Amino acid sequence: MMAKIVKGQGFKGVVNYILDKAKEAEILDTNDVRLKSTDTIIQSFIFQSELNPGLTKPVGHISLDFSAQDKEKLTNGFMVQIAKDYMGRMGILDTQYLIARHYDKEHPHIHLVFNRVDNNGKTISDRNDRFRSEKICKELTREYGLYFASGKEKVKENRLREPDKTKYEIYNSLKTTVPNCQNWHQLISELKDHKIGVTFKFKGKTDEIQGVIFDKNGYSITGSKVDRQFSYSKIDHQLRVNALQLHSSESHHRHTLPVSIPSGSLVNDFLYQLRKSSYEENRKKNENIPHINRRKGLRR
């Protein structure tokens with residue numbers, strides 16, 4: 001379950017969108033709005049918002065999206081129950097609202113429009129609403145036994161635009177290569193086959209590595225922005241774990257010389273040589289590569 005929060009100034013646009021016949025809209029539940037027509041619904045919201053004329057954005061609009069895995073269990077009544085629970089925890093209480101279901105996408109989803117001016121003319125707070133909403137969605141997903149989507153692995157690649165398309169390609173390549181490599185030598189070689197370049201960020205003029213950068217399709221993306229599991233420190237840790245597991249497995253079947261496990265901030269001599277001979281060149285090259293703005297996750 002995920003929520004997308006939108007705030008606006010006018011009820012006409014959002015109500016018309018939510019009740020769009022092209023989306024096969026179906027009203028599931030309402031509170032304190034006149035349902036005679038679309039116009040009466042809009043006027044109901046506008047009339048109450050005038051109780052608090054100082055509020056410039058009285059429109060509350062939230063879409064609740066669910067996984068296609070839960071399609072069979074998500075009856076209209078069940079979705080309304082979840083929506084009301086969500087509203088209660090978000091503090092959306094004692095106010096007008098309309099809940100409608102759309103059928104224009106393969107996954108179940110509903111739209112909620114509500115008046116941020118409550119029945120007493122007071123403002124429904126939106127302070128930290130996105131942070132609170134994310135937390136509440138996770139709680140409700142667990143409590144109602146809903147499916148937890150697996151993030152980037154559920155992204156529809158054909159809908160992605162740059163730079164997210166390249167970001168996802170790098171993510172996919174790292175998911176495949178990191179578990180099969182025992183050191184940075186191997187990983188860099190494997191990523192080269194995926195047409196992905198690797199450079200490192202160093203602390204000042206020292207040899208201490210602080211981060212890793214992946215280059216593809218003219219974009220330069222730090223590992224932590226690809227995904228938190230692909231920060232330099234986490235990749236480095238996983239590579240050493242892979243090497244230890246390989247050594248343990250080989251020792252179990254036959255006597256061999258110990259595998260050399262990289263340690264310390266330099267990982268191995270290869271990275272040190274890379275620092276001396278090629279980092280400055282790569283850094284200059286990357287100055288002309290666009291960087292991705294800070295954002296969470298991929299667009300869907």
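A few points about this structure:
- Number of residues in the stretch 199-244 that are among the basic types (Lys, Arg) and assigned to a helix (DSSP H, G or I): the value is 4.
- Any hit, the stretch 38-46, residues being touching a residue at least 60 places away in the same chain (Cβ under 8 Å) and in the same structural domain as Val117 (by TED's automatic domain parsing): yes
- The stretch 43-68, subset assigned to a loop (DSSP other than H, G, I, E, B) and small (Gly, Ala, Ser), residue farthest from Leu19 (Cα to Cα): Gly54
- Flag for Gly218 being without any contact (Cβ under 8 Å) to a residue 40 or more places away in the chain, over 30 Å from Leu74 (Cα atoms) and of a type in the set (Gly, Ala, Ser): no
- Selection of first residues in the stretch 54-76 that are under 30 Å from Lys122 (Cβ atoms) and of second residues that are of a type in the set (Phe, Trp, Tyr) and part of a strand (DSSP E or B), restricted to Cβ pairs under 9 Å at least 6 apart or on distinct chains, gives the following pairs, ordered by first then second residue: Val59/Phe114; Gly60/Tyr97; Gly60/Phe114; His61/Phe114; Ile62/Phe114.
- Residue in the stretch 113-124 that is among the basic types (Lys, Arg), buried (at least 19 other Cβ atoms within 10 Å of the Cβ) and out of contact with any Phe, Trp or Tyr (no Cβ under 9 Å at 6 or more places or on another chain) present: yes
The values are calculated or read from the model by the stated rules, or taken from the named source; none is laboratory data. Small disclaimer: the values here were computed from a predicted structure and weren't measured. All Cβ positions, glycine included, derive from the backbone under ideal geometry; neighbour counts span all protein chains shown.
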